[in-house]
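Each remark here refers to the structure printed beneath this line.
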Amino acid sequence: MRRLTLSPVLGLLLVACLCGPGMAHAQRSTSTLLNIQREQDESRRQRMMSEMRQSSETFARRWQSGSAAGAGRSGGAAVGAPMSGSGRKGYTGTGYLGGPAVDSGPASIESTTTVNTLRAPMNEREIAGLVKLAADAGDAQAQMYYGQMLYLGYGPLQPDRVAAHAWLSKAAQAGQPGAMGLLAWMHKYGVGTAADPQEALRWMRTGADKGDPYATFLLASAHLVGDGVPRNMPEGLSWARRAAERGDAHAQWFVGQSYYEGDGLPKDMLQAAQWLQRASAQNEMNAASTLGVMHLTGEIPGAQAAEGVKLLQRAADAGDAKAMNNLGLVLLQGLGLPADAAAGARWVRQSAEKGYAYGQFTYAQLLSSGQGVPANAAASLQWLQRAAEAGSEEARQQLRQMGRGSP
């Protein structure tokens, strides 16, 4: 396979970015890795939406089936008349959504789903309508789902964080663990309610004690960075491990990355690969990116360069800046696929434009050497300065050597 002849600096950068712990691509603080931001990362939002869609539809079908059974599945009752034998406190329907629109807050939900269409596929409007009926009737699980729907903007509903907070609060106060993590996050960052760190911590602890994966990971992050509690790495890692075991993809990535880097946990490539694979299977792109590097560098049992490229491509396509930079370097060098300098430079530029410090540093080197892009010394200097401002020590050192940085 033909390989490009890289400049000495870029050649060293390729080694740094692809050869594991302690090098440029792996440097980060615990708080950066945790990535608990005011606006949740997109991969978590997508997972939340996917899980909520599946589970809320299952719930809606069960609710609808139980309601229809109470109506006897024949003839029914007049719209608005109490349903005999429904067992649903406060429910005054007939086992289907008909008649007046359901008051859904930000969007009005109406449906003509009848008892005769119980087995037909449900659309989002019908699911949201049934969940709202159950929530109004006091079902804590429905209140959780409806709060999530309002938070995410599901189907016909527009995002309404204030209403979402109100429904999640009802569900959490009724003992529904799945509402507690998101409720804690909303209190922590003042989303849909006033910021209240102590209330956030209370719901983190309650949710973690009841087994909610997200609340468990939020509690882990609090201990790891000393946010609202004294910083305690062993305690934080213990909670992070529990969150990972409970299925939180971000926690699985954190545990795997910690094993990979030997940061807080003993360096163990087998454990790293196992946890990163579990996170990657849940579309955690940070994990897919690191896993791709492990395949390319032979740090994973049964490493395959083609699989490494596939993982990096997947993460890069999903917008992971580190993966974009690494994929660009792989294309420049021709590792696991034919070399393509122009395509490699495009990926590196995308990484740089997303604010990734090492992507900015890499792109500065490409502009300096003219690899994959026309040489441009002035633009190279600009990207080098941006990389230094974004935290790249390599960029700062190079600027000092050029007489343009602080000593």
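The values are calculated or read from the model by the stated rules, or taken from the named source; none is laboratory data. All of these numbers come straight from a predicted model, not from anything done at the bench. Glycine gets a Cβ as well: all are built from the backbone with ideal geometry, and neighbour counts include every protein chain shown.
Tell me, yes or no, whether segment 185-198 has at least one residue that is under 20 Å from M49 (Cβ atoms), free of Cβ contacts under 8 Å to residues at least 24 places away in the same chain and under 22 Å from the mean Cα position of the chain (by Cα).
First, pick out the residues of segment 185-198 that are under 20 Å from M49 (Cβ atoms): 185-186, 189, 191-192.
From what's left, free of Cβ contacts under 8 Å to residues at least 24 places away in the same chain: none.
No.
Got a sec? Which of L130, L157, L152 is in contact (Cβ under 8 Å) with a residue 24 or more places away in the chain, buried (at least 18 other Cβ atoms within 10 Å of the Cβ) and under 21 Å from the mean Cα position of the chain (by Cα)?
Just one listed residue meets the conditions, L152.
Can you name the number of the only condition in (1) in contact (Cβ under 8 Å) with a residue 60 or more places away in the chain; (2) under 16 Å from R44 (Cβ atoms); (3) surrounded by fewer than 23 Cβ atoms within 10 Å (Cβ to Cβ) that S221 fails?
If we test S221 against (1) in contact (Cβ under 8 Å) with a residue 60 or more places away in the chain; (2) under 16 Å from R44 (Cβ atoms); (3) surrounded by fewer than 23 Cβ atoms within 10 Å (Cβ to Cβ), just (3) comes out false.
Please tell me if A288 is of a type in the set (A, V, I, L, M), touching a helix residue (DSSP H, G or I) at 6+ places or on another chain (Cβ under 9 Å) and under 26 Å from L337 (Cβ atoms).
The answer is yes for A288.
Can you list residue pairs whose Cβ atoms sit under 7 Å apart, with the first residue in segment 279-305 being under 15 Å from D320 (Cα atoms) and the second being not in a helix (DSSP H, G or I)? Count only pairs 6 or more apart in sequence or on different chains.
Listed by first residue and then by second, the contacts come to M285/A318; M285/D320; N286/D320; S289/D320.
Does A244 satisfy the criteria of being crowded, with 20+ Cβ neighbours inside 10 Å and within 20 Å of Q274 (Cα to Cα)?
Spelling it out, A244 is indeed crowded, with 20+ Cβ neighbours inside 10 Å and within 20 Å of Q274 (Cα to Cα).
Could you tell me whether T193 is within 26 Å of G264 (Cα to Cα), modelled with pLDDT of 95 or more and hydroxyl-bearing (S, T, Y)?
Judged against the criteria, T193 is not a match.
Out of (1) at pLDDT 95 or above; (2) under 22 Å from the mean Cα position of the chain (by Cα); (3) buried (at least 19 other Cβ atoms within 10 Å of the Cβ), what's the single condition that is false for E353?
(3)
Tell me, yes or no, whether segment 224-244 has at least one residue that is within 27 Å of M122 (Cβ to Cβ), of a type outside the set (D, E, K, R) and at pLDDT 95 or above.
no
Can you confirm whether segment 170-183 contains a residue that is more than 30 Å from S238 (Cβ to Cβ) and part of a helix (DSSP H, G or I)?
To start, the set of residues in segment 170-183 that are more than 30 Å from S238 (Cβ to Cβ) comprises 170.
Right, trim to part of a helix (DSSP H, G or I) and you get 170.
Yes.
Which one of these does G391 not meet: (1) more than 22 Å from L332 (Cα to Cα); (2) more than 30 Å from the chain's Cα centre (by Cα); (3) of a type outside the set (F, W, Y)?
Answer for G391: the failing condition is (2).
In segment 328-372, how many residues are over 19 Å from Q313 (Cβ atoms), outside any loop (DSSP other than H, G, I, E, B) and of a type in the set (S, T, N, Q)?
So the answer is 4.
Collect the residues in segment 202-237 that are in a helix (DSSP H, G or I), farther than 21 Å from Q141 by Cα and within 21 Å of the chain's Cα centre (by Cα), keeping them in residue-number order.
Those that are in a helix (DSSP H, G or I), farther than 21 Å from Q141 by Cα and within 21 Å of the chain's Cα centre (by Cα): F217, L218, L219, A220, S221, A222, H223, L224, V225, G236, L237.
Going by the structure shown, is S238 polar (S, T, N, Q), surrounded by fewer than 17 Cβ atoms within 10 Å (Cβ to Cβ) and at negative phi?
For S238, the condition - polar (S, T, N, Q), surrounded by fewer than 17 Cβ atoms within 10 Å (Cβ to Cβ) and at negative phi - is met.
Collect the residues in segment 283-299 that are under 11 Å from A249 (Cβ atoms) and buried (at least 19 other Cβ atoms within 10 Å of the Cβ), keeping them in residue-number order.
Across segment 283-299, the qualifying residues are E284, M285, N286, A287, A288.
Residues of segment 373-394 being exposed (fewer than 14 other Cβ atoms within 10 Å of the Cβ) and in a loop (DSSP other than H, G, I, E, B), which ones?
Of everything in segment 373-394, those that are exposed (fewer than 14 other Cβ atoms within 10 Å of the Cβ) and in a loop (DSSP other than H, G, I, E, B) turn out to be P374, A375.
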